[in-house]
1. How much of the accessible area of the range 126-267, probe 1.4 Å, is carbon plus sulfur, in whole percent?
2. Mind listing the phi-derived Karplus ³J(HN,Hα) values for the range 94-111, rounded to whole Hz, using 6.51, -1.76 and 1.60 with θ = phi - 60°, and x for any glycine or proline?
3. From the phi of every residue in the range 161-177, what ³J(HN,Hα) in whole Hz does the Karplus formula 6.51 cos²θ - 1.76 cosθ + 1.60 yield, where θ is phi - 60° and glycine or proline is x?
4. Quick check: with the 1.4 Å probe, what order do 224, 134 take by accessible area, largest first?
5. When ligands, DNA and RNA are left out and all protein chains stay put, how many square angstrom of accessible area per residue does the chain have with a 1.4 Å probe?
6. Using θ = phi - 60° and the Karplus curve 6.51 cos²θ - 1.76 cosθ + 1.60, what whole-Hz ³J(HN,Hα) does each residue of the range 271-278 get, with Gly and Pro shown as x?
7. Which Cα, out of 46, 130, 27, lies furthest along the positive dipole direction of the chain (beta carbon charges, K/R +1, D/E -1)?
8. To the nearest 0.05, how large is the calculated FRET efficiency for residue 200 and residue 286 if R₀ is 30 Å and r is the Cβ-Cβ distance?
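The values are calculated or read from the model by the stated rules, or taken from the named source; none is laboratory data. Note that the structure is a prediction, hence the values are computed from the model and not measured. Here the Cβ positions follow ideal geometry from the backbone for every residue, glycine too, while neighbour counts run over all protein chains shown. When the accessible area is computed, the model is the full protein with side chains, heavy atoms only, and any ligands, DNA or RNA have been set aside. Shrake-Rupley method; radii C 1.70, N 1.55, O 1.52, S 1.80 Å.
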Amino acid sequence: MHFESLLDANQFLIIAQLEPPKGIDTAQLVKSADSLKGRVHAVVVPEMSGAIMRMGSLGASVLLKQKGLEPIVNFHCRDRNRLALQADLLSAFSLGLKNLLISKGDEITSGDHIEAKPVYDLGEIALLEAIKKFQKGTDLIGNELSGVPNFCVGSEVNAGLQRGALELEILGMEKKIKAGANYFFTPPLYDLNVFDNFLKKVSPFKVPIFPQVIVLKSVGMARFMSRHIEGVVIPEEIIDRLGKAPDKIKEGIAIAAETIQKLKHLCRGVLLVAIGEEERLAAVVDQVEG
């Protein structure tokens with residue numbers, strides 16, 4: 001079943017994230033894909049996350065589709081102007097890639113090519129509106145298309161923000177929905193009370209929301225995320241549990257699986273991420289299924 005159909009089904013969805021390689025050796029990508037085939041409902045393929053140069057989301061998504069997975073191609077605003085974005089969107093659909101994730105893109109200064117020039121010709125909402133025009137049969141300036149693409153389009157929302165910042169984020173989310181977003185991913189969430197509060201505020205929108213669950217691998221990683229990533233809250237009891245565990249890898253997998261089990265009562269699914277350790281994704285799925 002295609003991802004768009006699953007969004008309307010009464011089913012908890014597990015979506016995994018697979019990073020393209022920094023090079024042309026796709027052996028690890030293929031190995032991770034094989035371990036998840038038939039066990040996750042879709043796979044997000046980031047576009048140079050962290051502003052680190054890698055194989056593009058479009059190319060890696062084609063490879064994953066050939067392996068029998070349901071890819072979600074990431075298009076962001078950082079690196080392409082409006083001509084290139086539209087051209088690549090047409091290419092994606094022609095290659096059978098109908099699921100999109102629209103994002104801003106990480107800051108160039110956080111990556112490995114800090115001399116690169118950011119583009120940001122279109123913002124997220126403008127890019128969503130361009131896709132909406134595509135689906136009505138025209139390009140961004142109103143020229144008629146030869147054949148009309150039909151995408152399933154997602155975006156991002158930071159559910160962990162507080163007070164006024166959260167209200168502004170929700171206003172932005174509403175604008176994205178009006179511009180054509182069908183579903184949303186959030187940053188990592190481990191404080192379920194924070195997430196539940198967010199869900200109550202956005203319940204009138206009636207769109208699927210998928211919180212990100214990262215497989216933690218160390219106390220240092222957990223503390224860094226909680227202190228330095230806006231909107232990410234990792235409760236101290238989880239950090240303490242990870243610190244006391246004799247096997248941090250095993251404990252991180254268990255924490256992720258337990259978090260997913262708890263989220264089943266709150267939302268439509270999760271985005272499962274294991275930064276640089278994609279072989280651990282299948283182990284989390286094993287525990288969730290078990």
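1. Percent of accessible area from carbon and sulfur atoms in the range 126-267: 51.
2. 5, 8, x, 9, 10, 9, 10, 10, 9, 9, 6, x, 5, 5, 3, 5, 8, x
3. These are the phi-based 3J(HN,Hα) values: 6, 10, 6, x, 5, 5, 4, 5, 5, 5, 4, x, 4, 4, 5, 5, 5 Hz.
4. From most accessible down to least: 224, 134.
5. 47 Å²
6. Couplings: 10, 9, 10, 9, 4, x, 9, 4 Hz.
7. 130
8. Values: r = 32 Å, r/R0 = 1.08.
Approximately 0.40, to the nearest 0.05.
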